[in-house]
Structures are given as structure tokens and as C-alpha cells.
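A short worksheet on the structure shown next.
The values are calculated or read from the model by the stated rules, or taken from the named source; none is laboratory data. Note that the structure is predicted; figures quoted are calculated from it, not measured. Methodologically, a virtual Cβ is constructed for each residue, glycine included, from the backbone with ideal geometry; neighbour enumeration extends over all protein chains shown.
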Amino acid sequence: MKALSQKRRHPLAVIALLVMGLLLTGVLYSVASTANQAKADTGFSATDVSEGQKLFVANCATCHGMNGQGSASGPSLVGVGAAAVDFQVGTGRMPMQMQGPQAYRKPPQFNADQTRQLAAFVATLGAGPSLPDEAMLDGKGDATHGGELFRVNCAMCHNAAAAGGALTRGKFAPSLAGVEAKHIYEAMETGPQNMPVFSDANISPEGKRDIVTFLKTIESQGSPGGADLGSLGPVSEGLFMWVAGLGVIIAFTIWLTSRTS
Amino acid sequence: MSNAAPTYQPPTKVGRIADFVDQRTGLSAVTREFGRKVFPDHWSFMFGEVALYSFVILLLSGTFLTFFFDPSMAETHYNGAFVPMRGMEMSVAYQSSLHISFEVRGGLFMRQLHHWAALLFVASMSVHMLRVFFTGAFRKPREINWVIGGVLLIMGMAEGFTGYSLPDDLLSGNGLRIIDGVIKSIPVIGTWISFFLFGGEFPGSAIIGRLYVLHILLIPALILGLVALHLIFVVVHKHTQYPGPGRNDRNVVGYPLGPVYAAKAGGFFFIVFGVLAAIAAMFTINPIWNYGPYDPSPVSAGTQPDWYIGWVDGALRLMPGVIGDVEGYRQHFEFLIFGQTLTLNVLLPALVPAGIVFTVLFTYPWIERWITKDNREHHVLDRPRNAPTRTAIGMAGFTFYCVMWAAAASDLIATHFHVALNDVTYWLRALFFLGPILAFTVTKRIALGLQRKDREIALHGRETGRIVRLPHGEFIEVHAPLSAYKRYRLVSFESPEVLPAQPNAKGVVDRKERRRAALSKWFFEDRVAPVSPAELEAAHAHGHHEAIESAPSGH
């Protein structure tokens, strides 16, 4: 300690302090900022990456560029992470059928292995959200809290019963019925299509787990009151009463007033 | 009655009981009178009955619900059977609605029955009103009953809306917020009314209790009273009937109430009850557990009111906030006047279309009476085609309503038909103005076309599709003559003509009268005259159509 205190007036002490301060800030910052990012090393092997690159060049590069740098017809994929690839390719949205306001969900064009290889390659382009932890997808979180988070953050587009809803100019929030837990999680993390990103700083991983739990709970419990008419609310109820309800009633009125002639 | 009693001794026990009751109440006279009341038979006459029966079902199921519903806005934590809601903070009203849904035996069924019955109640009232309008049943002497019907429709909407808001879920809270916004857009007094209604700033802690009192006490009482009045008038005026042989403005052709009609009507109540019960048992309505407790911050996609409020919501959705961007000029609809905000983009759509619809609805019988100067009583209905302009006006109004109605579902139209929400809105905005005009023109043409077709059939008989070659080589299609019974309906209808301006008592044609004459011209100018006996005779004498081809078919 004495040596340190003696050298505190050394001309280089200022520089040493500056370097130390910068180092500390840098380390702290990188720790803090990677909280959202991912550990890029989610067990992808070198073969995964090289196979992924081949698939990428053959199927994605037309729009996203040979190195995923993007082009006029497709965005850059640098830093989108493995989670984005798993969502877009795993739900069949990519490769996209056609340019439009939004990519539609369709049967996946790649199998699980190929999707994984593509994810491995894109993950090497830049650090981004990695595939979600299995423990976050078990559906054993707090459904009540998840429901609250869902209504505050998601229901204005996806509808309180997750039945989906319209956005502007042909865009829409899809129904969440039958969507896999990992895809729900990845969508929140990567904000695909017109959806905003709900980063881990916005909704914690536990919060996302609660949301997944809520969605899986309402999906598995069914509709307590009978057929749900699409969970679309008063419009489908009104339509049902006008068409089916009044239709049956009118059939009865005709029967009642008909004469046997 | 009392002086007849000692001489008559009923032989059976039932007879003695009946006689006992009759001597003290005089019911036999009433039964005799009502039992012989004649009602004409037509399916379209039964919608009023459907509304009445739905209302009875609403009273029954509603009473059940009041046993368990607590309209308190006090806060509590949910601890019931529905897992995804456990531990959540909510109002007692919402909690008790969940309790009815999940814990009270038969509670969810009763809630769904009540709600479905409410939808049918207003729907059947609306259809009933359309039937009355398009058949001209609102004409003298039934104008006042038409107005009572209109008030009943408004009451039904109010009753529905107050009920929709009671569970205090997210959906209904959003609806109340819109109402609050509309109230606040009223200049000067809006804010005060809102604070008065909600007991402070929205949402406050008073509104559910207040709506509950309106919903279970005041509005049902008003509806009940108006229904009674409505039915008394039906008895006083007697029922209208469709035109037909032997039917005129001085008789009613049909079945007497007792026993056939009483049995039919009584049975029909159980049919309506059965249909509603089946729907309530099989189809979810208003799944409040999906929406969660009311919280002013979230708004769910697909937030709509029940169908009967939809058209007002649709008008709000159609109103642009600003219009135009011509050389940088944009027309805003919000003004600051003496420090007061005047929000026309809320006030106009919320009040003006509804104002137009109800003003025309309530005044129409008088408007038509003024134009036609027709002061006679009408008990025989018009077939819609035989009053082309009225039918066209009705369809214009109906289209106006339907455009707004569709606008309330604009988001669902966009998602389910894969079109852009913006385009749906633009189209509906255009149709808001053009739709009624288009509907008027098309309907009037169709009605006139149908009248011409009727005329053809009355004169030449029905086309059989059988082509016959005559001995000299001519091909003709065989027309089957109509029975006199069927022809009656096609030829005997009133067809008013343009009534030119008439001088008043002073011998002057004033400006109001000229306006009336102009309207009369607009109303009756396009006219297909009913077949006259002379034309009919000419057609029959020749048994051939060339002779009639040149006959005037309107002018």
C-alpha cells in the first residue's frame, strides 16, 4: 500500500487511472449490454455453421445478400440472432412466398435440422438473441401474472383472447392459437414482422415465461361456455344471433303460420 | 253477472270453481272479448311476439342473476376457480360475475341465456320495425304506436348497454370509456355531465352501481310500461293484414285468438325459449374471463360493443381526425374556443348519424301523411313493391345503418377477408355518403320492375315455358291463366298519383304547399298503374297479347 501511495504523484499515474477507469467502464458496460444478447455459443458445431451457410446461399441470399448483409429486397441479418431464424423459418414465414405487407405463416420449408443449421450460420454474422432456454418454455410460470402482462403489452394487437387483430395497411397481428411456446418466446425477443421487440429489459425472461404459461393455459382449458365462435367478441356473437338465431326463429314462424292446404 | 248466479248451478267441480272466479272477477266477458279477437296469419307478423318473449326470458334470467351479482366497485383479490385469474386484483362486480360463471350452479348458462336473449330482443324489435315500415303499417291510425315502438328500440339499446357494462371487465370498461369520451365532447356541459355520471373522473367507483339501478329497475319498468301501451294499441287498432280477396280496411281476416292462436302463441313462447336455451347451452357469449378485470391502460384488439350499439361505434371509427392535405392545408376538427375544446371529430359521428336516423324514424309517418294528404285509416298493408319510393327510402336508411354497422367490424373485415384496414375504412367512408343514394335508386328500380312483372302476369297469365307450334306455323308460348284469387293480389292495390299544389282557404298556393307538391312529384312520379278492369277485359277478350302490348304501363 505504501508503494502505491508513494507513486500516486507519478506522471504516469493519471494515465494508469484513466486506463483503469476506462477498462472498468468497458467491462461493466459489456456485462450490462450483453444481458439482452446472447451467448452465441449455444452448442452449434462448425459443421452446423458450414451446412447452414450452404443452405443460406441457396435459399436466402437472393434477398438477404450472400453474407446476410441485406439488399433492396430484404433486410440485413447481421445481429438478428439464432432466435429470429428459428422463428421465421420454423413457422414457415421465411422463405417468404411473396413481398407484401407481412409474411404469412405457412408449412415450414426446412426441417428441424436445416432450421438449426441456418440459425447457426446467421448467429455467426453478429451477436443476437439466441435460442430460448428450455426452462423458460415449460409453461409452469405464473399464469395470472402472464395474463396481466399479456393484456397490458400484447392484447391491443393480438386481442385479449389471443385471437389476433388488424393493423394498418394490410398488416395484422396473427392469432396465437396453436403457436409453439418457443416461437412465442422468440417472437417477443426478436419482434418479427410488424411486432415490436420486447427485450429482456422490457419483459424479463420470467415474465415471458409467465406469458407463455398464460397462453398455454387458456389454450388448454378450452372454452368453458361452449363453442367460442372464434373468440372474436361481440361481432361474431351478433352475426351468429342474426344469422343462426333469427334464422331458426324465422323457420319456426313460417312453420307456425303455414296452413295445411 | 251477480243476478245470474243463483239460477245457474254448474254440474262439475271445475265448473263450480270457474263460476266462483267469474262471479267475482267477471273474467268470462274479458275472455269472450279477447278470445274472439282475430289475428291474421303471416310469419312476418311474429317478430313483435319474438321480442316480447325474449323480454320475458330476460326478466326471468335477469332475476336469477341479481341473486348472485354484486355491483360493487370495491377492490378485492380473486380467489375462485378460474386459475389464470387467481390472486388478481379486481372489482367485486367482476369477481361476482366470475363467481356466477364458474361457481354458481347453472350460473354460466343463465348469464349466456340472458345475454343471447338480449341480442335476440333487440334484433327481433328491429326486424319487427322494418316489417312495419316496409308494409306501411305505421300509417293512420298507428302513428303513435310507431313512435312507441321507436322509443322501445332506444330503451332496448339503453338496457343492453347498461347490462353490457355491469361485469366490469376490460371489454365493457373500454365501451364505457368511449361513452365517457362522447359525453365529454359535448361543448361546455360535457365535462360536468361526465363527472356527475361517474361520480368524479372516469372510471371512479360509482358507475357500476348506478348502471345497475338503471338496468334492473328504471329501464325495465319503462320497457314494461311501453310494451303494455304498445299492446293496448294493437288491441284498439286491431291487427293489420296483407291485401287479399275479402280483406279490406273494415275487417280482419284470420284466426280468433282462442283457441288456435292462443295455443300457437303460447307454444311459440316455448319455442323461442327453447331456441335461446339451446344457443346458451352450446355457444359462448361475452367470455368475460378472457378479457380480464377493467384497467384503464390496456385496450384489446377487436373491442366492439354488442351489435345494436355497433353502428354508433362504426360512425366514430369512420370519422377522420383531419382531412385533406392540399398544398399543406389540412382541415382539423378540433377547435379551441374561449379556452374550451370543441372536438367535432367525436361529437359529429357520435350524435349526428344517430340523430338523423331517429329523427327520420320518428317523423316519417307525418312526413308521408303530409306529402300524400292521405287522412284515411289504413288496415290493409302495402306490399313493399307497391310503394316504390317509400321502400327505396327505407332501403336507403337501412344501407346507411349497415355501412356504419360494418364499420364497427372494420378490423375483423380486414383480417378475415385479407384486405387492408385503411382500404376498408376508405370504402366505407365513400359508401357512407353514396350507399344510401345507390340503395335508393336500385331499390326503386327493382320495385317498379316487380310491379311491371305483376302487371304482365295479371294480364297474360304465368309463363309456362311450353312452346307450341300452331297449324299455320306460328310459335307461341302458352300462358297459364291466373286464378281470380291469385290475380286479386296483383291488381288491387292503391297507387297514389302526384298531387299537385292545392290552393289554401284563401285561394293562395303558398310556398309550403309548393314544396309539398314537389315532394309529391318526387314520390309518385314514377308509377306503374295497377291493371284496370277494362285492361283485364281487353286482355281476356283477345286471349292474345298483342292487343295489350300497346296499353299504357305507367307514364
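Determine, yes or no, whether B:Y329 is of a type outside the set (S, T, N, Q), over 18 Å from B:I413 (Cβ atoms) and touching an Asp or Glu at 6+ places or on another chain (Cβ under 9 Å). Explain how you work it out, then say what you get.
Values: of a type outside the set (S, T, N, Q): yes; over 18 Å from B:I413 (Cβ atoms): yes; touching an Asp or Glu at 6+ places or on another chain (Cβ under 9 Å): no.
Criteria not met by B:Y329.
Restricting the search to the stretch B:11-45, which residues are out of contact with any Lys or Arg (no Cβ under 9 Å at 6 or more places or on another chain), in a helix (DSSP H, G or I) and within 15 Å of B:V127 (Cα to Cα)?
Selection gives B:W43 alone.
State whether the residues of the stretch B:116-128 include one that is β-branched (V, I, T) and more than 12 Å from chain A (Cβ to nearest Cβ). Break it down into steps so the answer makes sense when it comes.
From the stretch B:116-128, those β-branched (V, I, T) are B:122, B:127; that's our starting set.
Narrowing further to those that are more than 12 Å from chain A (Cβ to nearest Cβ): none.
Looking for residues that are β-branched (V, I, T) and more than 12 Å from chain A (Cβ to nearest Cβ), one finds none in the stretch B:116-128, hence no.
Scan the stretch B:66-97 residue by residue and report those that are more than 19 Å from B:I207 (Cα to Cα), among the aliphatic types (A, V, I, L, M) and buried (at least 18 other Cβ atoms within 10 Å of the Cβ).
Within the stretch B:66-97, B:M85, B:M88 qualify.
For the subset of the stretch A:189-237 comprising residues that are among the hydroxyl-bearing types (S, T, Y) and over 16 Å from B:N286 (Cβ atoms), which member is farthest from the chain's Cα centre (by Cα)? Steps first, please.
Filtering the stretch A:189-237 down to residues among the hydroxyl-bearing types (S, T, Y) leaves A:190, A:199, A:204, A:213, A:217, A:220, A:223, A:231, A:236.
Those still in the list that are over 16 Å from B:N286 (Cβ atoms) too: A:190, A:199, A:204, A:213, A:217, A:220.
Working: A:T190: 5, A:S199: 10, A:S204: 14, A:T213: 15, A:T217: 19, A:S220: 21 Å.
Going through the qualifying residues, I end up with A:S220.
Would you call B:I467 part of a strand (DSSP E or B) and more than 30 Å from the chain's Cα centre (by Cα)? Full working, then the answer.
Working: part of a strand (DSSP E or B): yes; more than 30 Å from the chain's Cα centre (by Cα): yes.
Yes: the conditions hold for B:I467.
Can you work out which of the residues in the stretch B:244-260 that are out of contact with any helix residue (DSSP H, G or I) (no Cβ under 7 Å at 6 or more places or on another chain) and outside any loop (DSSP other than H, G, I, E, B) is nearest to the other protein chains (Cβ to nearest Cβ)? Give the steps one after another, and end with the answer.
Filtering the stretch B:244-260 down to residues out of contact with any helix residue (DSSP H, G or I) (no Cβ under 7 Å at 6 or more places or on another chain) leaves B:246-254, B:259-260.
From what is left, the residues that are outside any loop (DSSP other than H, G, I, E, B) are B:259-260.
Values: B:P259: 15, B:V260: 11 Å.
Once the filter is applied, the top-ranked residue is B:V260.
Looking at (1) assigned to a helix (DSSP H, G or I); (2) surrounded by fewer than 18 Cβ atoms within 10 Å (Cβ to Cβ); (3) under 16 Å from the mean Cα position of the chain (by Cα), can you tell me which one A:V85 breaks?
Condition not satisfied by A:V85: (2).
List every residue pair whose Cβ atoms sit under 6 Å apart, with the two residues 6 or more apart in sequence or on different chains, where the first one lies in the stretch B:49-66 and is within 14 Å of chain A (Cβ to nearest Cβ) and the second, anywhere, is among the hydroxyl-bearing types (S, T, Y) and assigned to a helix (DSSP H, G or I).
B:V50/B:S124; B:A51/B:S124
Quick one: which helices (runs of 4 or more DSSP H) sit completely within the stretch A:124-198 and have at least 1 residues that are more than 9 Å from chain B (Cβ to nearest Cβ) and surrounded by fewer than 22 Cβ atoms within 10 Å (Cβ to Cβ)?
Values: elements: A:143-153, A:155-158, A:181-190.
Helices (runs of 4 or more DSSP H) meeting the threshold: A:143-153, A:181-190.
Considering only the stretch B:311-357, state which residues are surrounded by 14 or more Cβ atoms within 10 Å (Cβ to Cβ), over 20 Å from B:V122 (Cα atoms) and aromatic (F, W, Y).
Within the stretch B:311-357, B:F333 is the sole residue that qualifies.
Would you check if B:V360 is assigned to a loop (DSSP other than H, G, I, E, B), among the aliphatic types (A, V, I, L, M), without any contact (Cβ under 8 Å) to a residue 60 or more places away in the chain and surrounded by 13 or more Cβ atoms within 10 Å (Cβ to Cβ)? Show your work before the answer.
Working: assigned to a loop (DSSP other than H, G, I, E, B): no; among the aliphatic types (A, V, I, L, M): yes; without any contact (Cβ under 8 Å) to a residue 60 or more places away in the chain: yes; surrounded by 13 or more Cβ atoms within 10 Å (Cβ to Cβ): yes.
For B:V360, the condition - assigned to a loop (DSSP other than H, G, I, E, B), among the aliphatic types (A, V, I, L, M), without any contact (Cβ under 8 Å) to a residue 60 or more places away in the chain and surrounded by 13 or more Cβ atoms within 10 Å (Cβ to Cβ) - is not met.
If I go through the stretch B:401-433 residue by residue, how many of them are part of a loop (DSSP other than H, G, I, E, B), among the hydrophobic types (A, V, I, L, M, F, W, C) and more than 26 Å from B:V127 (Cα to Cα)?
To start, the set of residues in the stretch B:401-433 that are part of a loop (DSSP other than H, G, I, E, B) comprises B:408-409, B:417-420.
With among the hydrophobic types (A, V, I, L, M, F, W, C) added as a condition, the list becomes B:408-409, B:417, B:419-420.
Next, only the ones that are more than 26 Å from B:V127 (Cα to Cα) stay: B:417, B:419-420.
Summing the residues that are part of a loop (DSSP other than H, G, I, E, B), among the hydrophobic types (A, V, I, L, M, F, W, C) and more than 26 Å from B:V127 (Cα to Cα) in the stretch B:401-433 gives 3.
For the stretch A:111-119, indicate whether the set of residues that are touching a helix residue (DSSP H, G or I) at 6+ places or on another chain (Cβ under 6 Å), part of a loop (DSSP other than H, G, I, E, B) and not aliphatic (A, V, I, L, M) is non-empty.
There is no residue in the stretch A:111-119 that is touching a helix residue (DSSP H, G or I) at 6+ places or on another chain (Cβ under 6 Å), part of a loop (DSSP other than H, G, I, E, B) and not aliphatic (A, V, I, L, M).
Looking at the stretch A:88-121 only, could you name the residues that are crowded, with 23+ Cβ neighbours inside 10 Å and either at pLDDT below 90 or within 21 Å of A:A166 (Cα to Cα) (or both)?
A:Q88, A:M94
What are the pairs with Cβ atoms under 7 angstrom where one residue, in the stretch A:242-257, is of a type in the set (F, W, Y) and the other, located anywhere, is loosely packed, with under 13 Cβ neighbours inside 10 Å? Sequence gap at least six, or different chains.
Listed pairs, sorted by first residue: none to list.
Would a scan of the stretch B:261-277 turn up a residue that is more than 30 Å from B:H378 (Cα to Cα), in contact (Cβ under 8 Å) with a residue 60 or more places away in the chain, within 14 Å of chain A (Cβ to nearest Cβ) and among the small types (G, A, S)? Walk me through how you get there before you give the answer.
Of all residues in the stretch B:261-277, those more than 30 Å from B:H378 (Cα to Cα) come to B:267, B:270-277.
Now narrow it down to the ones that are in contact (Cβ under 8 Å) with a residue 60 or more places away in the chain: B:272-273, B:276-277.
Next, only the ones that are within 14 Å of chain A (Cβ to nearest Cβ) stay: B:272-273, B:276-277.
Of the ones still in play, those that are also among the small types (G, A, S) are B:277.
Yes.
Can you work out which of the residues in the stretch A:231-249 that are surrounded by fewer than 18 Cβ atoms within 10 Å (Cβ to Cβ) and among the small types (G, A, S) is farthest from B:W289 (Cα to Cα)? Show your work before the answer.
Looking only at the stretch A:231-249, we keep the residues that are surrounded by fewer than 18 Cβ atoms within 10 Å (Cβ to Cβ), and these are A:239, A:242-244, A:247-248.
So of that shortlist, the ones also among the small types (G, A, S) come out as A:244, A:247.
Working: A:A244: 25, A:G247: 29 Å.
Of everything passing the filter in the stretch A:231-249, A:G247 is farthest from B:W289 (Cα to Cα).
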